[in-house]
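*Asks:* The structure under discussion is supplied below as structure tokens; questions concerning it will follow.
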Amino acid sequence: MNADLDATFSALADPTRRAILARLAKGEATVTELAKPFEMTQPAISQHLKVLEAAGLIVCRIDGTRRPRRLAKAGIEAMDQWLAMLRKGLEKSYDRLDNVLVTMGHQQKGKMQ
Amino acid sequence: MSKMTLKTEGETHLVVTRRFAAPPEAVYRAHTDPKLIQKWMLGPDGWTMPVCISEAKPGGKIRYEWANGKGEGFYLTGEYLELEPYRRIVHVERMYLPDPTPDNHVETRFDAEGTDTLMTMRMILPDAETRAAMLATGMEKGMEASYGRLEGMI
């Protein structure tokens, strides 16, 4: 369980891999199709896919000579979790920023008086 | 005050928007002045930022260190690429967990809407254009290290 969780989180710590998951959320894609928007070499993309596959986040389908990848159910859940975590962290930060801005506004008014 | 939005855009972008009840000048300052950043850029409750370096000029360094008071922590380093006072910030950043993640390219815009500010933060993954810009600003060493690591994985 812990090992799985570690694999998931280290797989998601990499923004390129998160972007690959985001792309696969829109439908299956081959290595060539994935390499294009990231301007990365196919071997570099393949390496990222290997990490994602090992973490159980994506699965490979065999279609003749093509090997399209798609999101596994765990991948969808992990992506949702990561986005929820990011969203929660940012929301907390921006709520604090609201208060900082109120204080800054008071200081500005104080200076003008 | 208003709800934050977070959505993916295209294939390599993540976009966050949030409205603030203050003019762009104040929101911009809160994003660049280390003393102000330390007060809010903390994520979930229970974390503090004991170290905050923010040299708000092109090529200026960024370093944020977070700690939770239980001996756990992590940090981020980055560089400012472009600053248009009170309107727009472009920077790159990477997280150390403890190994560095590839560079995240971030553009933050501050648009006045009446007496409020609409902030739009767009996170962009490295592409050829960014790599060229980084080389031009003399940050090739850091980038080379990142890409070298990437190539090492092949």
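*Asks:* Restricting to segment A:75-102, and then to whatever is small (Gly, Ala, Ser) and facing chain B (nearest Cβ under 7 Å), can you tell me which residue is farthest from the chain's Cα centre (by Cα)?
*Replies:* Of segment A:75-102, the ones small (Gly, Ala, Ser) are A:75, A:78, A:84, A:89, A:93.
With facing chain B (nearest Cβ under 7 Å) added as a condition, the list becomes A:89, A:93.
Details: A:GLY89: 15, A:SER93: 19 Å.
Per the stated criteria, the residue is A:SER93.
*Asks:* While we're looking at this one, here's another question. Specify which of the listed residues (B:GLU93, B:GLU72, B:GLU65) is surrounded by fewer than 16 Cβ atoms within 10 Å (Cβ to Cβ) and among the acidic types (Asp, Glu). Don't jump to the end; show me each part of the working.
*Replies:* On the way: B:GLU93 fails: surrounded by fewer than 16 Cβ atoms within 10 Å (Cβ to Cβ); B:GLU65 fails: surrounded by fewer than 16 Cβ atoms within 10 Å (Cβ to Cβ).
Just a single option satisfies the conditions, and that option is B:GLU72.
*Asks:* Now, a different point. Among A:GLY56, A:GLY89, A:GLY75, A:GLY64, which is surrounded by 15 or more Cβ atoms within 10 Å (Cβ to Cβ) and at positive phi?
*Replies:* Working: A:GLY89 fails: at positive phi; A:GLY75 fails: at positive phi; A:GLY64 fails: surrounded by 15 or more Cβ atoms within 10 Å (Cβ to Cβ).
From the options A:GLY56, A:GLY89, A:GLY75, A:GLY64, the qualifying one is A:GLY56.
*Asks:* For segment B:3-22, what are the residues that are facing another protein chain (nearest Cβ under 9 Å), touching a residue at least 40 places away in the same chain (Cβ under 8 Å) and of a type outside the set (A, V, I, L, M, F, W, C)?
*Replies:* B:THR12, B:HIS13, B:ARG18
*Asks:* Additional query: For the structure I just gave you, tell me whether A:ARG18 is part of a helix (DSSP H, G or I), touching a residue at least 60 places away in the same chain (Cβ under 8 Å) and either facing chain B (nearest Cβ under 9 Å) or more than 19 Å from B:ASP103 (Cα to Cα) (or both).
*Replies:* Working: part of a helix (DSSP H, G or I): yes; touching a residue at least 60 places away in the same chain (Cβ under 8 Å): yes; either facing chain B (nearest Cβ under 9 Å) or more than 19 Å from B:ASP103 (Cα to Cα) (or both): yes.
When the stated conditions are applied, A:ARG18 passes them.
Residue by residue, here is whether (1) within 9 Å of another protein chain (Cβ to nearest Cβ); (2) part of a helix (DSSP H, G or I); (3) modelled with pLDDT of 95 or more holds:
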| site | (1), (2), (3) |
| --- | --- |
| B:MET1 | yes, no, no |
| B:ARG29 | yes, yes, yes |
| B:GLY46 | no, no, no |
| B:GLY71 | no, no, no |
| B:GLU82 | no, no, yes |
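*Asks:* Here is a follow-up. Here are some conditions: (1) part of a helix (DSSP H, G or I); (2) at pLDDT 85 or above; (3) more than 7 Å from chain B (Cβ to nearest Cβ). A:ARG70 meets all but one. Which one does it not meet?
*Replies:* With (1) part of a helix (DSSP H, G or I); (2) at pLDDT 85 or above; (3) more than 7 Å from chain B (Cβ to nearest Cβ) applied to A:ARG70, the lone miss is (1).
The values are calculated or read from the model by the stated rules, or taken from the named source; none is laboratory data. Fair warning: this is a prediction, and the values are worked out from it, not measured in the lab. All Cβ positions, glycine included, derive from the backbone under ideal geometry; neighbour counts span all protein chains shown.
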